[in-house]
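One structure is given below, encoded as structure tokens.
The values are calculated or read from the model by the stated rules, or taken from the named source; none is laboratory data. These numbers come from a predicted model, not from an experiment. Please note: Cβ atoms are built from the backbone with ideal geometry, for glycine as well, and neighbour counts cover all protein chains shown.
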Amino acid sequence: MAERAPRILVLVGPATGGIGAHAAALSAGIAARGATVAVVCPRLTAERFVWGVPVVLAWPGSGAVEAWRRWRRLRSLVATADVVHAHGHQAGLLALAAARGTRPRPAVVVSWHNAVLATGARRAASALAERLQARRADLVTGASLDLVERAAGLGAKGAELAPVASPRAGERVPDGARSRIRAELGLDERALVVLTVSRIAPQKRLDVLLDAAALLADDPAAARRVGAPVTWLVAGDGDAGLDAGLRARAARSGADVRFLGARPDVPELLAAADLFVLTSRWEARALVVQEAMAAGVPVVVTAVGGLPELVADAGLLVREGDAPGLATAVGDLLASPARRDTLARAARRRFAALPGEEDITRSWWTRYARLARAARGLR
């Protein structure tokens, strides 16, 4: 008798960026291979992405009656699944709680996409939550090696690297995109454009980006070497209070920094850019860095998390929080078209060697089949 295709329940918490994009692409890809897939997430996440599979709003909500109703719905969904796949720490805790005591019990896999960066009492609580997920999940995957090592160190039954590919990397850009974007933004024809695409959140350390922009603008020697106006573009939305503070700080900096808000045309922005910069405190394998590499845009990123293993020698790494180092790296690259061309070619080669969406979907199909067989063996 042929083995039944697995039934997968995917849990995703509040997401507006890479985690949601990855979960949506993976869910659709697995369903296309024949699995039964459903997603549980908050309304924000449901509306932000195109899922291609059924989405159930059974994520815990406000109000005791509604929360209880959603919890009952979630428990009933978990009971019908072979595998529950939770993306992120919140989803991991929810999946483990919902599967607890379920008969038959599905396999629970938790994918960690982010490091826990909290401090103080919150850090202690988060560390306890990490340990609980590591020890109770059937499998923990990490989007970068440091997350895998963290899970293994906390006693995970299984800990595996599960890279994430950007669904938009390598997307074809319409002819004339570079000129169109530059005209739309009213950029000087000679301007060199430094782009970052980022949520407006403390983790992204956009304060460091602004400090570096100010340092470069205030350095006459660097300006002579660069020989052209420099414009910094920040695409993304998020924390409204932080956004307002960063905009005010940029206005005082003397540098040409423009906050664009959320943009649907990131590939076109990359076509208009001469350099891509990411100043985060931590990242796994940032999807937008993959998009920049695929587009042949030289990258300067912080040497944190999974970024060094992602970029390898196809970009420049700077210390996290080092605004002078960032300013120097950016200034040197802007002053050297030949070096930018060399890095652009290296970035394309590096991206071509990375696992793509189809590779990642295939690897997850294998994991799901293995986990489903193990779960059925307990039934």
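Kindly provide the set of residues from segment 242-262 that are at pLDDT 95 or above and either surrounded by 19 or more Cβ atoms within 10 Å (Cβ to Cβ) or under 22 Å from the mean Cα position of the chain (by Cα) (or both), ordered by number.
Scanning segment 242-262 gives Leu242, Asp243, Leu246, Ala250, Ala255, Val257, Phe259, Leu260, Gly261.
Examine segment 51-64 for a residue that is over 27 Å from the mean Cα position of the chain (by Cα) and either among the aliphatic types (A, V, I, L, M) or under 21 Å from Gly142 (Cα atoms) (or both), and state whether such a residue exists.
There is at least one residue in segment 51-64 that is over 27 Å from the mean Cα position of the chain (by Cα) and either among the aliphatic types (A, V, I, L, M) or under 21 Å from Gly142 (Cα atoms) (or both).
Would you check if Arg135 is over 21 Å from Ile8 (Cβ atoms) and part of a helix (DSSP H, G or I)?
Spelling it out, Arg135 is indeed over 21 Å from Ile8 (Cβ atoms) and part of a helix (DSSP H, G or I).
Within segment 28-49, track down each residue that is in a loop (DSSP other than H, G, I, E, B), in contact (Cβ under 8 Å) with a residue 60 or more places away in the chain and either crowded, with 21+ Cβ neighbours inside 10 Å or not basic (Lys, Arg) (or both).
Just the residues of segment 28-49 that are in a loop (DSSP other than H, G, I, E, B), to begin with: 33-35, 41-42, 49.
From the residues that got through so far, the ones that are in contact (Cβ under 8 Å) with a residue 60 or more places away in the chain too are 33, 35.
Of everything in segment 28-49, just one residue is in a loop (DSSP other than H, G, I, E, B), in contact (Cβ under 8 Å) with a residue 60 or more places away in the chain and either crowded, with 21+ Cβ neighbours inside 10 Å or not basic (Lys, Arg) (or both), namely Ala35.
Scan segment 178-205 for residues that are buried (at least 17 other Cβ atoms within 10 Å of the Cβ), among the hydrophobic types (A, V, I, L, M, F, W, C), over 16 Å from the mean Cα position of the chain (by Cα) and not in a loop (DSSP other than H, G, I, E, B) and jot them down.
Of everything in segment 178-205, those that are buried (at least 17 other Cβ atoms within 10 Å of the Cβ), among the hydrophobic types (A, V, I, L, M, F, W, C), over 16 Å from the mean Cα position of the chain (by Cα) and not in a loop (DSSP other than H, G, I, E, B) turn out to be Ile181, Leu192, Val193, Val194, Leu195.
If Trp59 satisfies every condition in (1) out of contact with any helix residue (DSSP H, G or I) (no Cβ under 6 Å at 6 or more places or on another chain); (2) under 24 Å from Gln290 (Cα atoms); (3) of a type in the set (Phe, Trp, Tyr) but one, which is the exception?
Of the numbered conditions (1) out of contact with any helix residue (DSSP H, G or I) (no Cβ under 6 Å at 6 or more places or on another chain); (2) under 24 Å from Gln290 (Cα atoms); (3) of a type in the set (Phe, Trp, Tyr), the odd one out for Trp59 is (2).
For segment 308-379, please list each of the helices (runs of 4 or more DSSP H) lying entirely inside it that holds at least 1 residues being among the basic types (Lys, Arg).
337-353, 357-377
Consider Ala165 against the criteria (1) in contact with an Asp or Glu (Cβ under 6 Å, 6 or more places away or on another chain); (2) not in a loop (DSSP other than H, G, I, E, B): it satisfies all of them except one. Which criterion is unmet?
(2)
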